[in-house]
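The values are calculated or read from the model by the stated rules, or taken from the named source; none is laboratory data. As the structure is a computational prediction, the values presented were derived from the model and not from experiment. Don't worry about glycine lacking a Cβ; one is built from the backbone with ideal geometry, like all the others, and counts go over all protein chains shown.
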Amino acid sequence: MNKFVAYLKSPEWSPYVAGAGLGVVTILALLLSNALLPAPQLLGASGAYENLVAPVGLALDPNNLYFKSIMPPGITWAVLSLVGVFLGGLVSARLSGTFKWRKLPDKQWTEIFGPSVAKRWIIVFLAAALLEYAAGIAGGCTSGLAISGGVVLAPASFIFIAGMFASGIVTALIIYRKKY
Amino acid sequence: MTIIAPIFIGFLFGFLLHKSGMTRYHKIVNVFRFTDMTVLKFMLSALVVGMIGIYFLVNTGLVPNMPITATHLVRNLLGGLLFGVGMAGAGVCAAPVAAGSGEGRLDYIIPGIGGMLAGALLFGLTYQAVYLQINKLTTEARLVIPDAIDVNAWLVIALFTAVTLLLFYILERAIKLRRNQLEA
C-alpha cells in the first residue's frame with residue numbers, strides 16, 4: 001500500500017506504464033460512453049474548445065453552420081472531459097509536489113528562445129491556435145484522432161501521426177539548427 | 001452519471017498526461033529531435049492496450065459498436081502536417097494544455113487556452129470556405145484497416161503489437177548504448 005501511494009506521488013512514471021494506463025482509459029471511455037450516450041465516444045480535447053467558443057462564434061455570425069448545427073454551444077461530454085483533464089493534472093501535480101505558478105517552461109526553452117515571457121506567450125498563442133485549427137481540418141487532435149482513431153485501427157489515425165511527425169521533425173530542425 | 005463519467009475519464013487522462021511528462025515543453029519537443037522518445041512510448045503503449053481491449057469488447061458483443069474516425073487522406077494528412085508545426089513550435093498539444101494548466105503553468109492557462117479558443121473560433125467561422133472545400137478533394141470513409149485489407153482484426157493487432165514491442169526493444173538498446181558512450 002505504501003509503495004502504491006509512493007508511486008502515485010512520484011513526479012514521473014515510466015511512459016510504458018502511463019501509456020498502458022491511457023489504453024485502459026480508452027477502454028473505460030468506450031464502456032461508460034456506450035452505457036450513457038446515444039453513440040459511444042473515446043477520448044478528445046479539441047472538440048471541447050469548439051463547444052466552449054461556440055457562443056462567441058454565434059455572436060459574430062448568427063447563421064454560422066458549424067456553431068449552429070455541428071459543434072453547438074453547450075456543456076457537452078467533451079467539455080466535461082476537458083474539465084476532468086485539468087483536475088487530473090492539478091491532482092497529479094499536487095500529489096507529486098510539482099505544482100508551481102510559473103510563466104515560463106523549463107530551461108530548455110530559455111536556452112533557445114531566451115528569458116522573454118512575452119515571446120513565450122506569443123509563440124504559445126500562435127502554436128495553440130494553429131494546432132487547434134489543424135485538429136479541426138484533420139478531424140481531431142492527438143487524443144481525439146491519433147489515440148481514439150488508432151485504437152479502433154482507423155487509417156485516419158496513422159495518416160495523421162505520419163504528418164504530425166514529419167512536420168514536427170522539420171520544425172524542430174529549423175528551430176534548433178546546430179543544436180538539433 | 002452523464003456528468004460524473006466524462007469528468008472521471010478526463011481526470012484519469014489528465015493525471016496520466018502529467019505523470020508521463022506531457023505537460024512539459026521539452027518532453028514534447030524532444031521526440032522530434034530524437035533525444036527523448038517519451039511521447040512515442042506513451043502513445044504506442046496506449047494504442048496497443050486500447051486496441052486489444054476495445055476489439056475484445058466489441059468482438060464479444062459486450063459493447064455493440066465502436067466510434068470509427070473518418071478517414072480522408074487529404075484532411076488527415078494536411079491536418080497532421082499543420083498540427084506538428086504547432087506541437088514542435090511551442091511544445092503544446094490540445095489536452096496537455098488543460099492538464100498543464102492544473103500544474104500552475106500560466107503560459108498554458110492564458111495564451112495556451114486562449115490560443116485554442118481562437119483557433120477553434122477561426123475554424124468554425126471559416127468552416128464553409130476552407131474545411132468543406134478541402135473535404136471536396138476526395139471522399140471520406142469510415143473504415144478500419146482489417147476491413148480495408150480484408151484480414152482478421154486480431155492478426156492486425158498481433159502484428160501491430162509485435163512491431164511496437166520490437167521498436168521498444170530497439171529504443172531501449174539505443175538509449176543504453178548512448179548512455180554507455182557518454183560515460184566512456
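From A:Leu42, A:Leu22, grab the single residue that is under 15 Å from the mean Cα position of the chain (by Cα) and closer than 19 Å to B:Ile4 by Cβ.
A:Leu42
Can you tell me which of A:Ile122, A:Ile175, A:Ile159, A:Ile169 is in contact with a strand residue (DSSP E or B) (Cβ under 8 Å, 6 or more places away or on another chain), among the β-branched types (Val, Ile, Thr) and at pLDDT 95 or above?
A:Ile159
Return the only residue of B:Asn152, B:Asn180 being free of Cβ contacts under 8 Å to residues at least 12 places away in the same chain and either surrounded by 15 or more Cβ atoms within 10 Å (Cβ to Cβ) or within 27 Å of A:Pro15 (Cβ to Cβ) (or both).
The match here is B:Asn180.
Residues in segment B:122-135: is at least one crowded, with 19+ Cβ neighbours inside 10 Å, β-branched (Val, Ile, Thr) and assigned to a helix (DSSP H, G or I)?
The answer is no; no qualifying residue exists.
Is one or more of the residues making up segment B:139-162 out of contact with any Phe, Trp or Tyr (no Cβ under 9 Å at 6 or more places or on another chain), of a type in the set (Ser, Thr, Tyr) and outside any helix (DSSP H, G or I)?
Checked segment B:139-162: at least one residue is out of contact with any Phe, Trp or Tyr (no Cβ under 9 Å at 6 or more places or on another chain), of a type in the set (Ser, Thr, Tyr) and outside any helix (DSSP H, G or I).
Can you pull out the residues in segment B:111-141 that are of a type in the set (Gly, Ala, Ser) and at the interface with chain A (Cβ under 7 Å from one of its Cβ atoms)?
Step one: list which residues in segment B:111-141 are of a type in the set (Gly, Ala, Ser), which gives B:112, B:114-115, B:118-120, B:124, B:129, B:141.
Across segment B:111-141, the qualifying residues are B:Gly112, B:Gly114, B:Gly115, B:Ala118, B:Gly119, B:Ala120, B:Gly124.
Restricting to segment A:46-103, count the residues that are more than 8 Å from chain B (Cβ to nearest Cβ), closer than 24 Å to A:Trp121 by Cα and in contact (Cβ under 8 Å) with a residue 40 or more places away in the chain.
Residues meeting the conditions: 1.
Among (1) surrounded by fewer than 22 Cβ atoms within 10 Å (Cβ to Cβ); (2) more than 7 Å from chain B (Cβ to nearest Cβ); (3) farther than 14 Å from B:Ala88 by Cβ, where does A:Arg177 come up short?
Going through the list (1) surrounded by fewer than 22 Cβ atoms within 10 Å (Cβ to Cβ); (2) more than 7 Å from chain B (Cβ to nearest Cβ); (3) farther than 14 Å from B:Ala88 by Cβ, A:Arg177 breaks only (3).
Could you tell me whether any residue of segment A:126-138 is within 7 Å of chain B (Cβ to nearest Cβ) and more than 24 Å from B:Phe123 (Cβ to Cβ)?
No, that holds for no residue.
Has segment A:117-128 got any residue that is crowded, with 17+ Cβ neighbours inside 10 Å, without any contact (Cβ under 8 Å) to a residue 12 or more places away in the chain, over 15 Å from B:Met116 (Cβ atoms) and in contact with a Leu (Cβ under 9 Å, 6 or more places away or on another chain)?
No, there is no match, as no residue in segment A:117-128 is crowded, with 17+ Cβ neighbours inside 10 Å, without any contact (Cβ under 8 Å) to a residue 12 or more places away in the chain, over 15 Å from B:Met116 (Cβ atoms) and in contact with a Leu (Cβ under 9 Å, 6 or more places away or on another chain).
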